[in-house]
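Report on the structure given below.
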Amino acid sequence: MQNSSRPESSSESTTHFGYKTVNEAEKAGKVAEVFHSVASRYDIMNDLMSGGLHRIWKSFTISRANIRPGMKILDIAGGTGDLSKAFAKKTGPSGEVWLTDINDSMLRVGRDRLVDQGVLLPTAVCDAEKLPFPDGYFDRVSVAFGLRNMTHKDRALAEMRRVLKPGGKLLVLEFSRVAKPLAPAYDWYSFNILPWIGKKVAGDEESYRYLAESIRMHPDQDTLAAMLETAGLSRVRYFNMTAGVVALHEGVNLG
Ligand SMILES: C[S@@+](CC[C@H](N)C(=O)[O-])C[C@H]1O[C@@H](n2cnc3c(N)ncnc32)[C@H](O)[C@@H]1O
């Protein structure tokens, strides 16, 4: 489903940024512009756009993570820190939860928000495609609504598997393919209402048009499950939520 016309390793390879075809080297910069622009209004936009549903999708992810005190957790593309905060509650002080993101604006909003709530976590700017952590370090790795924005999803998934301990679990929460009968209404909402809310609330219509487009360009449920398997994960399964508006994929590193 990647829109590349050449192998990923070529510096002239193309990929997609929403519906646009761009050079791979350009994509990360364009994604960075989106998240620098929306960072300060990101949380309110999430509640407005999803009618609060993102909280339920994240709660389900947290319950599937089955976290126990003392575990080491990596939250990739963690943004404003919703998952990290919930993970930290479950690991307790003996655990280690890393809030990471490639975008320092998103991470700053997240870190400040957590500090205001009395939650102090190690925080790092890092690219999911080149994680600065040793092999086999984490019990759980999560990425929520982040994979869609990555240029080389296969490299990012391989990195996620690399840093998981044997027996550790990867959780990928992402927009996915909605059930067919709902597609017309969902498309109308995505291409009319989302950019309108983006304009009124975040002063940025284009970033929310990118959101709608990037969802359509993201691999569907079965394709993403196959990508997790290719990355070396086992016992791969997924759960559709809200009729496939989002899906939680999970896989285990059996070493
Ligand atoms: C839609 S936000 C999700 C934030 C948070 N996980 C949540 O669910 O609310 C997507 C995040 O992915 C991050 N991101 C995009 N590409 C990335 C990459 N290559 N490595 C790490 N983070 C990335 C963006 O900076 C952004 O903060």
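The values are calculated or read from the model by the stated rules, or taken from the named source; none is laboratory data. This structure is a prediction, so every number in the text was calculated from the model and none was measured. Here Cβ is always computed from backbone atoms with ideal geometry, including for glycine, and neighbour counts include all displayed protein chains.
Within the stretch 43-61, identify whether any single residue is within 8 Å of the ligand (Cβ to nearest atom) and within 19 Å of residue 127 (Cα to Cα), and answer yes or no. No; the residues of the stretch 43-61 include none that is within 8 Å of the ligand (Cβ to nearest atom) and within 19 Å of residue 127 (Cα to Cα). Every condition in (1) farther than 27 Å from residue 192 by Cα; (2) out of contact with any strand residue (DSSP E or B) (no Cβ under 7 Å at 6 or more places or on another chain); (3) not in a loop (DSSP other than H, G, I, E, B) is met by residue 64 except one, and the failing one is (2).
Looking only at residues in the stretch 67-109 that are near the ligand (Cβ under 8 Å from one of its atoms) and of a type in the set (Val, Ile, Thr), the one that is nearest to the chain's Cα centre (by Cα) is 76.
So is residue 165 of a type in the set (Lys, Arg) and touching a residue at least 24 places away in the same chain (Cβ under 8 Å) or not?
yes
Close Cβ contacts (under 8 Å, 6 or more residues apart or on different chains) running from residues in the stretch 38-56 that are under 13 Å from residue 207 (Cα atoms) and part of a loop (DSSP other than H, G, I, E, B) to residues that are within 11 Å of the ligand (Cβ to nearest atom) and not β-branched (Val, Ile, Thr) are absent.
Across the stretch 146-183, the qualifying residues are those that are within 18 Å of residue 237 (Cβ to Cβ) and not in a strand (DSSP E or B), and the one among them that is nearest to the ligand (Cβ to nearest atom) is 147. Taken as a whole, the condition of being touching a helix residue (DSSP H, G or I) at 6+ places or on another chain (Cβ under 9 Å), in a helix (DSSP H, G or I) and over 23 Å from residue 79 (Cα atoms) does not apply to residue 195. Tell me whether the stretch 154-165 contains one or more residues that are of a type in the set (A, V, I, L, M) and touching a Ser or Thr at 6+ places or on another chain (Cβ under 6 Å). No, the stretch 154-165 contains no residue that is of a type in the set (A, V, I, L, M) and touching a Ser or Thr at 6+ places or on another chain (Cβ under 6 Å).
Does residue 143 fit the bill of being part of a strand (DSSP E or B) and within 13 Å of the chain's Cα centre (by Cα)?
Criteria met by residue 143.
Taking the numbered list (1) closer than 19 Å to residue 138 by Cα; (2) crowded, with 17+ Cβ neighbours inside 10 Å; (3) of a type outside the set (Asp, Glu) in turn, residue 69 passes all entries but (2). What are the residues in the stretch 1-35 that are surrounded by 13 or more Cβ atoms within 10 Å (Cβ to Cβ), acidic (Asp, Glu) and either modelled with pLDDT under 90 or in a strand (DSSP E or B) (or both), if any? Residue satisfying the conditions is 8 alone. Here is the figure for the stretch 124-141: residues that are in contact with a strand residue (DSSP E or B) (Cβ under 8 Å, 6 or more places away or on another chain), over 20 Å from residue 39 (Cβ atoms) and within 11 Å of the ligand (Cβ to nearest atom) total 1.
Within the stretch 38-49, none of the residues are crowded, with 19+ Cβ neighbours inside 10 Å and touching a Phe, Trp or Tyr at 6+ places or on another chain (Cβ under 6 Å). Of the residues that make up the stretch 110-123, is at least one at pLDDT 95 or above, closer than 24 Å to residue 167 by Cβ and near the ligand (Cβ under 9 Å from one of its atoms)? Within the stretch 110-123, not a single residue is at pLDDT 95 or above, closer than 24 Å to residue 167 by Cβ and near the ligand (Cβ under 9 Å from one of its atoms).
Each row is one residue, and each column tells you yes or no for (1) on the phi < 0 side of the Ramachandran plot; (2) surrounded by 15 or more Cβ atoms within 10 Å (Cβ to Cβ).
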| residue | (1), (2) |
| --- | --- |
| 177 | yes, yes |
| 185 | yes, no |
| 209 | yes, yes |
| 212 | yes, yes |
| 215 | yes, yes |
| 218 | yes, yes |
| 234 | yes, no |
| 241 | yes, yes |
| 255 | no, no |
